[in-house]
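The values are calculated or read from the model by the stated rules, or taken from the named source; none is laboratory data. Values in this document were obtained by computation on a predicted structure and should not be read as measured data. Glycine gets a Cβ as well: all are built from the backbone with ideal geometry, and neighbour counts include every protein chain shown.
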Amino acid sequence: MPAMREAVRLHLAAGDLPGAARTLVNLALAERAAGDAAGAAATAARLRELTPAAGHQAVERGRRNDDSRLELTAASAWLDALLAFDRGETALAAGSLAAVSPKLPRKSPWNGRVAALRAEIALAEGRLVDAGALARSAIPAAAAARDVSEEARAHRLLGASHMRLGRWADARTSLLAAVRLEERLGAGERMARDLEQLATVAEKLGDATAAGLYTARARAIIGAR
């Protein structure tokens, strides 16, 4: 994490606000993964402060509609929503993302992340059809941004919505897509969880052989860690 903090400092010194924003997001995610909720919140506050600066920078450079300001706004809204969701404040998280989503450029790298998090929030709130639609929209957006991790997450969320709706064949298709992407990433723990879900789906479909294979594969991944 010290290296990321130094990278933020260097980006800011160079006037590279988008670079600073990306690094602040990664820093907050690292702090969150380490269980440092206060640190992640402080980093999110730093990111929030960059948005007005990006607007001023765009005006100074004669680009009043500069996309970098929108990218910073999206990054900040996404991170704030994620941390609010962690705290159980789903309405706040959903509102933050719903406000920023229509403003994003069509090719923004944040479209996939925003849609996937909105899908996860919808799942938590029991809005299963909305969750499926949002996850489905996140898949091509994440693929276009070459964000393989987010693309896999979108497939996983779509699979979860199908499972809760009892659409077992569709759930299997989505979860298999997630596993294929996770294999590329070497995402062992996430892949093991998805394989366990696939075992459940296979049982629902009456395929005991496949269920056993998925379970065995999940256990092998967990045992190898």
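Suppose we keep only residues that are charged (D, E, K, R) and under 19 Å from Thr51 (Cβ atoms) within region 3-23. Which one would you say is surrounded by the most Cβ atoms within 10 Å (Cβ to Cβ)?
Start the filter on region 3-23 by keeping residues that are charged (D, E, K, R), which leaves 5-6, 9, 16, 22.
Keeping just the survivors that are under 19 Å from Thr51 (Cβ atoms) gives 9, 16, 22.
Numbers: Arg9: 12, Asp16: 14, Arg22: 19.
Among those that are charged (D, E, K, R) and under 19 Å from Thr51 (Cβ atoms), it is Arg22.
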Checked region 201-210 for anything among the β-branched types (Val, Ile, Thr) and over 10 Å from Ala171 (Cα atoms); matches are Thr209
Among residues of region 154-185 being among the charged types (D, E, K, R) and touching a Leu at 6+ places or on another chain (Cβ under 9 Å), the residue surrounded by the most Cβ atoms within 10 Å (Cβ to Cβ) is Arg156
Of the residues in region 94-124, those that are modelled with pLDDT under 95 and either of a type in the set (A, V, I, L, M, F, W, C) or part of a loop (DSSP other than H, G, I, E, B) (or both) number 12
